[in-house]
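For reference, the structure discussed in these notes is given below.
The values are calculated or read from the model by the stated rules, or taken from the named source; none is laboratory data. All of these numbers come straight from a predicted model, not from anything done at the bench. We place every Cβ from the backbone using ideal geometry, glycine too, and count neighbours over all the protein chains shown. Ligands, DNA and RNA are stripped out before the accessible areas are found, and what is left, the full protein with its side chains, is counted by its heavy atoms. Shrake-Rupley method; radii C 1.70, N 1.55, O 1.52, S 1.80 Å.
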Amino acid sequence: MFFYLSKIFWFVVQPLSVVMIVIALGFVAGIAGWRRTAAWVSGTGLAMLLLIGLSPLGLLMMSGLENRIQRPPLPGKVDGIIVLGGSLDTRVAGTRGEPELNDAADRVTEGVALARRFPEARLIFSGGTAAVLFDDISEAGVAGRLMESLGVEPSRIELEDRSRDTFENAVYTRQMAQPKPGEVWLLVTSAFHMPRAVGCFRVAGFDVVPWPVDYRTPAGAAIWRPSAANIRNVEKVHFAIREYIGLAAYWMSGRTDVLLPGA
């Protein structure tokens, strides 16, 4: 139930949906003859659109997540590598028959690089099917074929394909890994997603070393310079708000033990 409610809720409250709803309400108010209300509501929608499309708001929101957990020194010994899903476009892969990476491709490429650096380490990819309104294929299956094509020995690739969200990633991966005391497991996911992922793995009883990748924001003063491509600014607000909402929902439901998990 949590999975389906989260999908429905996010569809309604994502930034562009909110802007479109506000502008639509302004249009309705205009038709009804409430000119002053229509002007205020439509103006609010336009101001929201300008804010998320032209300002550094998304960069600032995203950097707070990305800087929460820093990448530690690489351990000398690694027993296992966990790569979380979210880096493959399964709708494209399922219809075209070819793996297609998205903006989070670093999750897979870094996982493969780590697997080569630590040839004795286990490699687990965790990601099932998260679709609600249409048929889809498991992300793990696509990732397995991609990793194999990138030179990883097929016998090393372990695929967890039941999980639909981050908490299930943690629970099902722990069941598969059966980590022993003293083992070192690296957790690979996007930097902005790492706080929620670490929180879930802690609640699941799986002690992992965070290895954030897929940074979306620059360091230093460049954080105040939004992209010239407006859609990139909107995208960052989109992902940041989704992550903050996810953190709050996971904390309130007991899937993480603190609101904003850290290292």
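Using the Karplus equation 6.51 cos²θ - 1.76 cosθ + 1.60 (θ = phi - 60°), what ³J(HN,Hα) coupling, rounded to whole Hz, does each residue of segment 77-89 give in order, writing x for Gly and Pro? Rounded to whole hertz, the list is 10, 10, 8, x, 10, 10, 10, 7, x, x, 10, 10, 8. For the chain, the share of accessible area belonging to carbon and sulfur comes to 61 percent (1.4 Å probe, ligands and nucleic acids excluded).
Each principal axis of segment 168-249 carries a Cα extent, and these read 48, 26, 17 Å when sorted largest first.
Packing, taken as the mean count of other beta carbons within 10 Å per residue, orders the peptides 58-68, 82-92 from highest to lowest as 82-92, 58-68. Around the amide H of residue 88, modelled in the peptide plane, lie the amide H atoms of 102, all under 5 Å away and 5 or more residues distant in sequence or on another chain. Close amide H pairs (under 5 Å, H built 1.01 Å from N) link residue 150 with no residue at least 5 positions away or on another chain.
Relative intensity of the chain on a log10 scale, I(q)/I(0) at q = 0.12, 0.13, 0.16, 0.17 Å⁻¹, equals -0.77, -0.89, -1.26, -1.38, per a Debye sum over C-alpha point scatterers of equal strength in the absence of solvent.
What accessible area per residue, rounded to a whole number of Å², is obtained for segment 1-108 using a probe radius of 1.4 Å? Ligands and nucleic acids excluded, the figure is 59 Å² per residue.
Give me the percent relative contact order of segment 186-226, please, defined on Cα pairs under 8 angstrom at least 6 residues apart. Rounded, it is 49 percent for segment 186-226. For segment 152-263, the solvent-accessible area of protein heavy atoms averages 46 Å² per residue (probe radius 1.4 Å; ligands and nucleic acids excluded). Across 212, 181, 56, mean-square fluctuation computed from a Gaussian network of the chain (C-alpha pairs under 10 Å connected) peaks at 181. Calculation over all alpha carbon pairs of segment 116-175 in 5 angstrom steps from 0 returns a P(r) of 4, 19, 25, 22, 17, 10, 3, 1, 0 percent. Extending 7 Å from Cα along the Cβ direction at residue 50 and again at residue 227 yields two label points whose distance is 2.2 nm.
For the chain, the relative contact order works out to 25 percent when only alpha carbon pairs closer than 8 Å and six or more residues apart are counted.
Relative to the longest principal axis of the Cα atoms of the chain, helix 230-252 runs at roughly 70 degrees.
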